[in-house]
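Just so it is clear, none of the values below were taken in a lab; they were calculated from the coordinates. Just so it is clear, the structure is predicted and the values come from calculations on it, not from any experiment. All Cβ positions, even for glycine, are placed from backbone atoms using ideal geometry, and neighbour counts span all protein chains on display.
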Number of protein chains: 2
Amino acid sequence: MSELRGACIIGQSGGPTSVINASAYGAIRTALDSDSITRVLGAAHGIKGVLDDVLYDMSKEDPAELERLKYTPSSALGSCRYKLADPDEDDTDYKRILEIFKKYDVRYFFYNGGNDSMDTCNKISKYMMKVGYECRVMGIPKTIDNDLFGTDHCPGYGSAAKYVATSCMEVFHDANVYDTGQITIIEIMGRHAGWLCAASALATHMGAGPDLIYLPELAFDLDTFLKDVMDVYNEKGKCIAAVSEGIHDKDGKFISEYGSNLASTTDSFGHAQLGGLAATLASIVKEKTGAKVRDIEFSLLQRCAAHVASEVDIEEAFMAGKVAVEQAVAGVTDKMVAFERTSQDPYKCEPKLIDLTVVANVEKKVPREWINEDGNGLLLPFIDYALPLIQGETKLGKEHGLPRFAKLKKVRATV
Amino acid sequence: MSELRGACIIGQSGGPTSVINASAYGAIRTALDSDSITRVLGAAHGIKGVLDDVLYDMSKEDPAELERLKYTPSSALGSCRYKLADPDEDDTDYKRILEIFKKYDVRYFFYNGGNDSMDTCNKISKYMMKVGYECRVMGIPKTIDNDLFGTDHCPGYGSAAKYVATSCMEVFHDANVYDTGQITIIEIMGRHAGWLCAASALATHMGAGPDLIYLPELAFDLDTFLKDVMDVYNEKGKCIAAVSEGIHDKDGKFISEYGSNLASTTDSFGHAQLGGLAATLASIVKEKTGAKVRDIEFSLLQRCAAHVASEVDIEEAFMAGKVAVEQAVAGVTDKMVAFERTSQDPYKCEPKLIDLTVVANVEKKVPREWINEDGNGLLLPFIDYALPLIQGETKLGKEHGLPRFAKLKKVRATV
């Protein structure tokens, strides 16, 4: 493969995670150090920054601040939830992207995101091939949802899982404190796949977690749930139930929509916007049982609590960004960096490459055989799977007892 | 003062904190090592454990597990919210407490809690004096609310403040990520005093915190709030507002009660049970402005997120428990251990003793002069006050990447 010289664009897309910036840093640092890549550009708010011609010159950043990206949550370059049209129906955006690529002589495009972002990445890759513009396009995975196909797991998941498990252990201690009885309902992110809610089982595995765990992989039945909760409550005097945001009944109706005051809206990808599930369930449980019920929504902290990020996750996220650039420079294109678990004990994970076409828009769910028969708990294979991903602590620097996150100058690139 | 030999009881009361167990450990360890204290008993669920004769023999615990209490959140012995009657009206409980004290030859009583617990402690102290039963009674302060009178600050506050400031910084990064505009409303605990919500200003001080902060010290006006939010939103395209759970209008009505579906109930101390404030405000803001609004309630994690506890807070909490026992053994009674800041730079804090009568049921509020003129932000004197309290990191041990909290055997004491 002949050397391809030119600029690269790095973009971040979709919901942020604690380590998406670690991947960005892996890509940016490797690209800055590459002889083939002449210029490293960061796209403001993902593909929107390309369309709007808002690109940052990453060489203008202080290297020490760039390094802090490894421990800085959210998307430092800005993110977006922008869906590209089918190019056969409307190629306006693609023509504009090509125009910008030509303007800056962009020959490498790295896109860091989840399912929808891999769809974007795939469409751009295919379009550039079709029009014969040489540009190597690589997807870098991230999602706390852990639902990307073809990879053992996704960067972002380990840190979110560590936050969820740690917080569940702390809530367990708190919820155990009075002798007056309490039912606690914890709502955890996850629209269609229950990986993150399942991580609460790691707390249970450590002896201080939810009694009951419900994932969207199985249809949720309110009566069965109420019986499960009361069985535990009557036995122990307390009960903690963790529920995935996206649990739904056998007809596909989200349980969060059971609340009369909670109308569902949809985002630009056609996903239902969820929220208020724990509050809805809590009010139902309270009404049916008369028990003291507390609802907790972990909310945004699940995806941005970098202070409790997993070291394994940070290093793997960095590696994913680094490998994407190295492989592209070596001639690879139209792939996503994925992970293969080559050893379980000791845990070892190595990068592999999969076709963007294969990964885009396919969701990976928690296997049925990892969920208990009653559908309200996780089994040991899940623990074995997830536990290695939450190991180690972040090296996040502190200043005045608080996190010292990266501060970028974001200098606009000019031609 | 002559030596007083006998057993001691240690009880934990009120809402738990990340460091109430650090105080318990300070008291338990010091009592176990004391020659005057013949037996160290832990009360199950505070004063209720005394009334119910459910006491644990702390000498039966593994010393290494006891030491882990320093880093374990919540109340390891169990807590309660039990209000003792006025002894002049109904002395049933007091007679029972005296009976238990005599049964176990209890000559030392240490009670760890907030305002209501100091009331309990004070009443028991005065009753024992009145009936001529020699027992040294000491209060050990704790409350994330930081509203105890007569002390520079309270154990528990620093860790909760560190959690709030850290989480606000992380939410700030997350909420900044899209270019579509967002208003974020964060609800922080604090019924009558805004100390904890004020801690969000530490994040702002670090360049990544709320734009607006509202404390219950000042009457909250909805129209002014909406104007404040829209002014920031129109200027920046985003806005983060932190609101104290207990904000109320000039007539004293809680803003959380503005929501038509949120009925208020009261707990056994006659306090209104609050909740759902952020959701209520979010729906009002959304309706009035049409902007994208996100509400976040930090919920229980504020008081139990021990993984991000402040080292200063942990060590001071331990010291408060230790000093209570040392002083009681030396002859002191009817006091609460308080803190005096003897130096600001470098920060230094020393214990002092104040009368239980003085501290019970008096609430300390954030001084008006520490709040800005518009009543929507904190000034530098608050930062100078709070910043030293959140310094240093916990030495919490980890196991499999998760917290290793203390596990007590809780062996029931017999006579």
In whole angstrom, how long is each semi-axis of the equivalent ellipsoid of region A:157-303, when you take the square root of 5 times every eigenvalue of its Cα gyration tensor and sort them from largest down? 23, 19, 13
If you take the Cα Rg of region B:326-382 and divide it by 2.2 N^0.38 Å, with N the number of residues, what do you get? 1.57
Any chance you could give the angle, 0 to 90 degrees and rounded to 10, that helix B:277-289 forms with the longest Cα principal axis of chain B? 10 degrees
Please compute the Cα-Cα pair-distance distribution of region A:58-205 with 5 Å bins starting at 0, giving whole percents from short to long. 2, 7, 13, 15, 14, 13, 11, 9, 6, 4, 3, 2, 1, 0, 0
Based on C-alpha coordinates, I'd like the Rg and Dmax of chain A, in Å. 22.2, 72
Note on chain A, DSSP bridge orientation, antiparallel percent to nearest 5 equals 40 percent
Inter-part distance where region B:26-67 and region A:110-152 are each reduced to a Cα centre, Å: 60 Å
Please list, ordered by chain and number, the residues whose modelled amide H lies under 5 Å from the amide H of residue A:377; skip anything fewer than 5 residues away on the same chain. A:213, A:372
With springs only between Cα atoms under 10 Å, which of B:132, B:276, B:190 fluctuates most in a Gaussian network model of chain B? B:132
What do you get for Rg/Rh over region A:55-96 if you use C-alpha atoms and the Kirkwood form of Rh? 1.19
Within-11-Å neighbourhood charge of residue A:104 [Cβ basis; K, R +1; D, E -1]: 0
To the nearest 10 degrees, how steeply does helix A:92-103 sit against the main Cα axis of chain A, on a 0 to 90 scale? 50 degrees
Taking the number of other C-beta atoms within 10 Å as the exposure measure, put B:126, B:102 in order starting with the fewest. B:102, B:126
P(r) for the protein assembly as shown, please, calculated from all Cα pair distances in 10 Å bins and given in %. 3, 13, 22, 24, 19, 11, 5, 2, 1, 0
So what are the ³J(HN,Hα) numbers for region A:45-62, from phi and the Karplus equation (6.51, -1.76, 1.60; θ = phi - 60°), rounded to whole Hz, Gly and Pro as x? 6, x, 5, 5, x, 6, 4, 8, 6, 10, 10, 9, 8, 6, 6, 7, 7, 5
Inside 10 Å of the C-beta atoms of A:229-238, what's the mean count of C-beta atoms belonging to other chains? 0
Give me the aspartates and glutamates in straight-line cross-link reach of residue B:130: C-alpha distance below 16 Å, same-chain residues under 8 apart excluded. B:86, B:88, B:89, B:90, B:91, B:93, B:99, B:334
Using only Cα atoms, locate the centre of region B:277-299 and the centre of region B:370-391, then give the distance between them in Å, rounded to an integer. 25 Å
Using only Cα atoms and rounding to the nearest 10 degrees, what angle (0 to 90) does helix B:157-175 make with the longest principal axis of chain B? 20 degrees
When only C-alpha pairs under 8 Å and at least 6 residues apart count, what is the relative contact order of chain B, in percent? 24 percent
Packing-wise, with mean Cβ within 10 Å as the measure, how do B:288-298, B:405-415 rank, highest first? B:288-298, B:405-415
Those chymotrypsin sites (Phe, Trp or Tyr not before Pro) from region A:60-144 that are DSSP loop and have at most 14 other Cβ neighbours within 10 Å turn out to be A:133
If I model a spin label at residue A:414 and residue A:90 as a point 7 Å from the Cα along the Cα→Cβ vector, what separation in nanometres do I get? 3.4 nm
Hey, for residue A:63 with labels 7 Å out along Cα-Cβ, what do the inter-copy distances come to in nm, ordered shortest first? 5.1
Within the under-15-Å Cβ sphere about residue B:216, not counting residue B:216, Lys/Arg +1 and Asp/Glu -1 give a net charge of -4
Give me a comma-separated list of calculated 3J(HN,Hα) values for region A:130-145, in order, Karplus coefficients 6.51, -1.76, 1.60 applied at θ = phi - 60°, integers in Hz, x for any Gly or Pro. 4, 8, x, 8, 6, 8, 8, 10, 10, x, 10, x, 7, 4, 5, 6
Please list 3J(HN,Hα) in residue order for region A:109-115, calculated via the Karplus relation 6.51 cos²θ - 1.76 cosθ + 1.60 where θ = phi - 60°; whole Hz, with x for glycine and proline. 10, 10, 10, 10, x, x, 3
How big is the antiparallel share of DSSP beta bridges in the protein assembly as shown, given as a percent to the nearest 5? 40 percent
Taking the alpha-carbon distance from residue A:409 and a cut-off under 24 Å, which lysines remain once sequence neighbours fewer than 8 residues away in the same chain are dropped? A:48, A:60, A:70, A:103, A:322, A:395, A:398, B:236, B:238
Kindly state, as a whole number, the per residue volume in cubic angstrom of the convex hull around the alpha carbon atoms of region A:279-337. 137 Å³
Would you order B:195, B:370 from fewest to most other beta-carbon atoms within 10 Å of each residue's own beta-carbon? B:370, B:195
If the label for residue A:355 sits 7 angstrom from Cα along the Cα-to-Cβ line, what are its distances to the same label in every other copy, in nm to one decimal, shortest first? 8.5
Just report the Cα centroid separation between region B:209-235 and region A:153-173, whole Å. 33 Å
Connecting C-alpha atoms closer than 10 Å in a GNM of chain A, tell me which of A:343, A:159, A:13 has the biggest fluctuation. A:343
To the nearest 20 debye, what is the magnitude of the charge dipole of the protein assembly as shown about its Cα centre, counting +1 on the Cβ of each Lys and Arg and -1 on the Cβ of each Asp and Glu? 980 debye
Who wins for biggest fluctuation among B:342, B:280, B:120 in a Gaussian network model of chain B, springs between alpha carbons below 10 Å? B:342
Region B:297-415: equivalent-ellipsoid semi-axes (sqrt of 5 x gyration tensor eigenvalues, Cα, Å): 29, 25, 16
Provide the packing ranking of A:46-56, A:386-396, A:228-238, B:168-178, i.e. peptides ordered by the mean count of other C-beta atoms within 10 Å per residue, highest first. B:168-178, A:46-56, A:386-396, A:228-238
About the Cα centre, and with charges only on the beta carbon of Lys, Arg (+1) and Asp, Glu (-1), how big is the dipole of region A:23-136? Nearest 20 debye, please. 120 debye
